[in-house]
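For reference, the structure discussed in these notes is given below.
Every number here is computed from the coordinates shown, using simple stated rules; none is lab data. The structure presented is a predicted model; accordingly, all values stated were derived computationally and were not measured. A quick note on method: Cβ atoms are made from the backbone with ideal geometry, for glycine too, and the neighbour counts reach across all protein chains shown.
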Amino acid sequence: MRNMMMMLNIGAMILAFLVSTASANDVVALTKDTFENEVGKDRAALVEFYAPWCGHCKKLAPEYEKLGLSFKKTNTILIGKVDCDEHKSVCTKYEVSGYPTIQWFPKGSLKPKMYEGARTAEALAAYVNMEGGTNVKIHSLPSSVVVLSPDNFDKIVLDETKEVLVEFYAPWCGHCKALAYTYEKVAAAFRLEEEVVIANVNADEYKDLAEKYGIVSYPTLKFFPRNNKTGEDYAGGHDLDAFVTFINEKCGTNRDEQGQLTSKAGIVESLDTLVKKFVSADNDEKKAVFSRLVEKVNKLKGSDLSYGNLYLKLAKTTMEKGADYPKNEIQRLEGMLRKSISAAKADEFTLKKNILSTFV
């Protein structure tokens, strides 16, 4: 029973976090091996057959993701997709001849009906509700993207304490619309990083800003790091992984695509040697090594200083509670992280766990 309750808590925590950040893949990716295990069984399914290079598919993607998020907790409906470049046999079987093709599979049936309506989340939801007997509304999620205008552009973008990624877009631009949902996911992933700003500006409305920064096509993304407020062109991919990798490398952050801290977060490599000496020292020697650790930490700056102070706090507690403290505390923190907690608390516990791991 205890294990069952723990698993339920884990599931609730994960689901709550993903819905709140809208940063998970809410559409089920189907393959030739999984298609008939998921579709035609005990729930109905709406399936998009697409190709990664297809412009219309890219335009549909943010709307389809919103649909997937909205129906995620509906046990009777599956929102799925098939990459027809990778799984040609599935697409051939269902006579897919163009992209995107959207088909409805009733519960218990592998004989689909073609969807021929509008390609918006609202229209798709209305169709699924009608066919599936549900009453689901499209989720309206708060945006973490900072909206820029001539009134606040310089104050935010030219702030030398901030690392700022700016998308210059036009409302009528199809590629901008295709990017919008992914860009929201990027902003959600870094929303707890006070020094990182994910922003956009309507370059069609504010043409002077676009001209000032040499914007000639949409979307154009520019990165404004602390040390270069003239801006650098972003030339990476427009998928979530590419953005997250870029920001982590440029800003020194350690976030994954879900916005959670990675195992590298909080680690100050310059303290590694002293921490190892601290761990291996006997009780009398530990005090001397701790004094050297204090001196080293006091020379750190910025976030490293903040993390360094946490190293000192945990080292001091280890001296007070004994050598088993780091291992026991890591186990306690892992238990807390499996519960339904706020994102800020998850950050706090993960940082502490990561640093404690260097004392084991």
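Some values worked out for this structure:
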read-out	value
Hz values of 3J(HN,Hα) by residue in the stretch 296-310 - Karplus curve (6.51, -1.76, 1.60), Gly and Pro given as x	5, 5, 5, 8, 6, 9, x, 5, 4, 5, 4, 5, x, 5, 5
Rounded if a/c under 1.5, otherwise prolate or oblate - the chain, Cα gyration tensor axes	oblate
Net charge of neighbours whose Cβ lies under 13 Å from the Cβ of Thr134, counting Lys and Arg as +1 and Asp and Glu as -1	+4
Label point at Asn227 placed 7 Å out along Cα→Cβ; residues across the stretch 153-183 whose backbone nitrogen lies under 19 Å	158-165
Trypsin sites (Lys or Arg not before Pro) restricted to DSSP loop in the stretch 223-283 with at most 16 other C-beta within 10 Å	Arg226, Lys229, Lys264
Peptides ranked, highest mean first, by Cβ atoms within 10 Å: ranges 38-49, 104-115, 295-306	38-49, 104-115, 295-306
Of Leu78, Leu221, Leu293, the one that fluctuates the most in a GNM where the chain has Cα springs shorter than 10 Å	Leu293
Cα-based shape type of the stretch 146-251, given that a ≥ b ≥ c are square roots of the gyration tensor eigenvalues and the cut on a/c is 1.5	oblate
Greater than 20 Å apart at Cα, pairs in Lys185/Lys222; Lys72/Lys107; Lys264/Lys321; Lys229/Lys250; Lys299/Lys353; Lys277/Lys327	Lys264/Lys321; Lys299/Lys353
Pairwise label distance in nanometres, Lys93 with Arg292, each label 7 Å out on the Cα-Cβ vector	6.5 nm
Charge sum, other residues only, whose C-beta stays under 13 Å from Cys173's C-beta, Lys/Arg counted +1 and Asp/Glu -1	0
Gyration tensor (alpha-carbon) shape descriptor, the stretch 269-358, a/c threshold 1.5	oblate
Among 122-129, 265-272, the order from most to least packed when residues are scored by Cβ within 10 Å on average	122-129, 265-272
Label-point separation in nm, Asn328 to Asp204, each point 7 Å along Cα→Cβ	6.3 nm
Span from the the stretch 320-360 Cα centroid across to the the stretch 265-281 one, whole angstrom	17 Å
Euclidean distance of C-alpha centroids, the stretch 56-74 and the stretch 214-230, integer Å	29 Å
Bridge type composition, the chain - antiparallel percent by DSSP, nearest 5	45 percent
Relative contact order %, the stretch 248-320, counting alpha carbon pairs below 8 Å whose residues are six or more apart	24 percent
Charge-dipole axis of the stretch 28-132 as Lys and Arg at +1 and Asp and Glu at -1 on Cβ define it, positive-most pick from Ser89, Asn37, Val128	Val128
Around Asn254: net Lys/Arg minus Asp/Glu count, Cβ-Cβ under 11 Å	-2
The chain: most fluctuating residue of Arg332, Arg191, Arg119 per GNM, C-alpha cutoff 10 Å	Arg332
Most mobile listed residue (Glu184, Glu163, Glu211) in the chain, GNM with C-alpha springs under 10 Å	Glu211
Angle between the chain longest axis and helix 55-70 axis [Cα atoms, degrees, rounded to 10]	70 degrees
Sites Ser306 and His238 - FRET efficiency at Förster radius 22 Å, r taken between beta-carbons, to 0.05	0.10
Rg over Rh, two decimals, the stretch 28-132 (C-alpha only, Kirkwood Rh)	0.92
